[in-house]
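Data first, discussion second: the structure below is written as structure tokens.
The values are calculated or read from the model by the stated rules, or taken from the named source; none is laboratory data. All figures in this text were calculated on a predicted structure; none of them were measured in a lab. Cβ placement follows ideal geometry from the backbone for every residue including glycine, while neighbour counts extend to all protein chains displayed.
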Amino acid sequence: MARAIWSGVLTFGLVTVPVQLFTATEDHAVHFHQLQRNTSDRVRYQRVNERTGKEVDYEDIVKGYDLGGGDYVIVEPEELDEITPGKSQVIEISGFVDLEQVEPVYFDKTYYLAPKGEEYTKVYELLRAALEKENKTGVATFVMRGKQYLVALRAQEEVLVLHTLHWADEVRDPHQELPVLSSRKDATGKELDTARQLIGALSTDWNPRDYHDTYEERVKELVDAKSEGKEIVSEEAPPEATNVIGLMEALQRSVEQTHNRRGKKQDSRGAGTTTRKPSRKPAGKPRKKAAAKATPAKRATTTTARSRGTGKRELGKLSKAELYQQATEQDIAGRSKMSHDELVDALARAGRRKKKTAA
């Protein structure tokens, strides 16, 4: 069982719950030692005085801030300890924001936050469930190991997750740092519609187990092959950039290939036909056969037009790609992270709001 790296209390309003912090991730990368070439001798680093070439003991090292011209401001380790943010043991939530508002660039490390004992689970679960229902994240600060952190607290299934965040002045401005930026005018018209259709066709439920580190696998294969005196085949070169002139054709072919691959996958599972069938629809209806004979682009457009404004039951018969296309057209926030059922609920709520507005 993992050991807690921090313990204290979590507060929101006048509610307080004792909690513990645990590391949420671990490193599985292949690690190498540094050796001198043609030997098995380890290479190690030493703290060396660059003027004398002699090794310096750790206790004889102080910190120096470079003023330029060879001048330094010397700071002793205990002086830094005296100005640290203190030994605070409180994570105080100062406010709640929509999860989508926190840009991914601000996220740093991830931790699990757990109640400190069985007697605190009720208050803990109350906050977790409320955050989940409201789709909010709590913003807070706390101190750990002599350093203050800005954090985002959000609900995951059965557990609260704490993300340390970068401070605003730590995030670089892309307009100042990047040599080239695109213009919003570069993506318009039919090409944009087809690109959105491709994204909808490729949309799926998030399952982290579907992905794995292929580079680390190649590294392990290389190590095994070299230990057995074998050779390993290098990877192919990356594909060439898409020509602007052939962009539309590339998009259309991508959409067709995606639908064809999904159709074949359904056949291998016993669908009984080489034509892609929209999921969650009852068999034997003429409308379904007509949709199957249509092209992917026409079928998606027909289905969207047919189901727009329908109730939750009808929406539940659509595939996730078709639901996502509707959610995109209606600009539903957070749609890219929604499951099939969540998209159904969101579209149904949007339909009810439109009816009330029209009335």
field: Per-region count, the stretch 56-88, residues surrounded by 10 or more Cβ atoms within 10 Å (Cβ to Cβ) and over 23 Å from Val143 (Cβ atoms)
entry: 5
- request: Scan the stretch 75-125 for residues that are outside any strand (DSSP E or B), in contact with a strand residue (DSSP E or B) (Cβ under 8 Å, 6 or more places away or on another chain) and more than 30 Å from Asp60 (Cβ to Cβ) and jot them down.
  value: Ser88, Gln89, Leu99, Val102, Tyr106, Lys116, Gly117, Tyr120, Thr121, Val123, Tyr124
- prompt: Which members of the stretch 323-340 meet the condition of being without any contact (Cβ under 8 Å) to a residue 24 or more places away in the chain and over 14 Å from Ser203 (Cβ atoms)?
  reply: Gln330, Asp331
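For the stretch 226-246, check the following and say yes or no: at least one residue is in a helix (DSSP H, G or I), modelled with pLDDT of 75 or more and more than 28 Å from the chain's Cα centre (by Cα).
Yes - at least one qualifying residue is present in the stretch 226-246.
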task: For the stretch 124-154, name all the residues that are out of contact with any Ser or Thr (no Cβ under 7 Å at 6 or more places or on another chain) and under 20 Å from Ile5 (Cα atoms).
output: Tyr124, Thr141, Met144, Arg145, Lys147
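Only one of Leu127, Leu192 is among the aliphatic types (A, V, I, L, M) and at pLDDT below 90; which? Write out each step before concluding.
Numbers: Leu127 fails: at pLDDT below 90.
Only one candidate passes the filter, namely Leu192.
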message: For the stretch 7-35, give me each residue that is assigned to a loop (DSSP other than H, G, I, E, B) and in contact with a strand residue (DSSP E or B) (Cβ under 8 Å, 6 or more places away or on another chain).
response: Ala24, Thr25, His33, Gln34
- line: Within the stretch 162-195, the count of residues that are in contact (Cβ under 8 Å) with a residue 60 or more places away in the chain and farther than 24 Å from Val105 by Cα comes to 2
- prompt: All but one of (1) under 28 Å from Glu191 (Cα atoms); (2) of a type outside the set (A, V, I, L, M, F, W, C); (3) modelled with pLDDT under 50; (4) part of a loop (DSSP other than H, G, I, E, B) hold for Thr301; which doesn't?
  reply: (4)
task: Would you mind finding the one in Thr52, Thr110, Thr39 that is under 16 Å from Leu150 (Cα atoms) and either touching a residue at least 60 places away in the same chain (Cβ under 8 Å) or loosely packed, with under 11 Cβ neighbours inside 10 Å (or both)?
output: Thr110
